[in-house]
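Let me begin by presenting the structure, written as structure tokens, before commenting on it.
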Amino acid sequence: MRFILASNNPKKLKELREILAGLGAELVTQREAGLLAEAEETGESFEENARIKALFACQALGEPAIADDSGLVVEALGGAPGVYSARYGGETCGSDAERTALLLTNMAGQNNRRAKFVSCIACVFPDGRETAARGECVGTISLSARGESGFGYDPVFELPGTGRTLAELTPEEKNAVSHRGAALREFEKKLRGLLND
Ligand code: IMP
């Protein structure tokens with residue numbers, strides 16, 4: 001069986017490809033399958049956006065499709081940047097460093113620094129079957145950016161009890177505690193169950 005990944009991100013492809021290989025299935029990106037258009041992420045939740053992207057690829061290509069959506073949810077900012085994490089600050093922020101700096105500015109003087117990363121993965125089959133998984137990583141927004149590894153908001157996301165930001169962890173350490181790692185592990189279980197039904 002072949003699955004379409006509704007993303008062209010090589011890192012996501014590698015992670016999901018390993019899981020699907022364990023299930024005896026193949027994974028190709030939507031571009032490799034000939035689909036160049038991308039779904040508009042109009043959902044108000046990570047779950048909705050992941051499903052919108054998977055459904056778009058599944059309907060366009062007539063094959064089972066997988067998509068993910070993720071982001072940072074900050075309590076004191078009413079859940080922002082949330083589903084807009086990649087686009088936080090709009091045109092004025094063109095890089096991860098600028099978005100992270102904007103977040104720190106918006107958090108200035110805030111005592112409540114609680115936040116979480118969320119990752120949702122959705123899988124849609126042409127016959128209507130669907131499954132989805134969600135993972136979370138709880139932490140706090142640091143007072144300044146620290147660390148060089150990872151990406152996005154990792155340098156300002158501190159793990160409780162460690163004094164370290166996600167950007168100060170090795171990729172293996174991050175995977176063991178991250179929202180994406182948790183979502184992937186749950187997704188593997190659910191997809192295995194669905195395929196064995
Ligand atoms: P997407 O799901 O690939 O669209 O990612 C959404 C955005 O959320 C990314 O561009 C990052 O800004 C942020 N994000 C998601 N996961 C992480 C993470 O593990 N570390 C840091 N930032 C993340």
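The values are calculated or read from the model by the stated rules, or taken from the named source; none is laboratory data. In this text the structure is predicted, and so the values were computed from the model without any measurement. Because the Cβ atoms are built from the backbone with ideal geometry, glycine has one as well, and the counts that use them run over all protein chains shown. Areas reflect the complete protein model, heavy atoms only, side chains present, ligands, DNA and RNA absent. Shrake-Rupley method; radii C 1.70, N 1.55, O 1.52, S 1.80 Å.
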Answer from Ala60, Ala33 - the residue that is part of a loop (DSSP other than H, G, I, E, B) and over 30 Å from Pro160 (Cα atoms): Ala33
Arg51 charged (D, E, K, R), within 16 Å of the ligand (Cβ to nearest atom) and crowded, with 17+ Cβ neighbours inside 10 Å: yes
Residues located in region 140-166, provided they are more than 17 Å from Phe46 (Cβ to Cβ), small (Gly, Ala, Ser) and touching a strand residue (DSSP E or B) at 6+ places or on another chain (Cβ under 8 Å): Ser142, Ala145, Gly147
Odd one out for Lys116, checked against (1) assigned to a helix (DSSP H, G or I); (2) within 13 Å of the ligand (Cβ to nearest atom); (3) of a type outside the set (Gly, Ala, Ser): (1)
Test set (1) among the hydroxyl-bearing types (Ser, Thr, Tyr); (2) free of Cβ contacts under 8 Å to residues at least 60 places away in the same chain; (3) more than 14 Å from the ligand (Cβ to nearest atom) - Ser149 fails condition number: (3)
Options Gly78, Gly82: the member that is under 17 Å from the mean Cα position of the chain (by Cα) and either surrounded by fewer than 18 Cβ atoms within 10 Å (Cβ to Cβ) or under 28 Å from Gln110 (Cβ atoms) (or both): Gly82
Output for region 152-172, where each listed residue is more than 10 Å from the ligand (Cβ to nearest atom), open to solvent by less than 70 Å² (accessible area, probe 1.4 Å) and not β-branched (Val, Ile, Thr): Glu158, Leu159, Gly163, Glu168, Leu169
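Would you call Cys137 surrounded by 15 or more Cβ atoms within 10 Å (Cβ to Cβ), outside any helix (DSSP H, G or I) and more than 12 Å from the ligand (Cβ to nearest atom)?
Details: surrounded by 15 or more Cβ atoms within 10 Å (Cβ to Cβ): yes; outside any helix (DSSP H, G or I): yes; more than 12 Å from the ligand (Cβ to nearest atom): no.
No; evaluated as a whole, the condition is false for this residue.
Identify, from the list Leu103, Leu194, the residue that is within 16 Å of the ligand (Cβ to nearest atom) and either part of a helix (DSSP H, G or I) or under 30 Å from Phe56 (Cα atoms) (or both). Let's see the steps before the verdict.
On the way: Leu194 fails: within 16 Å of the ligand (Cβ to nearest atom).
Answer to the check: Leu103.
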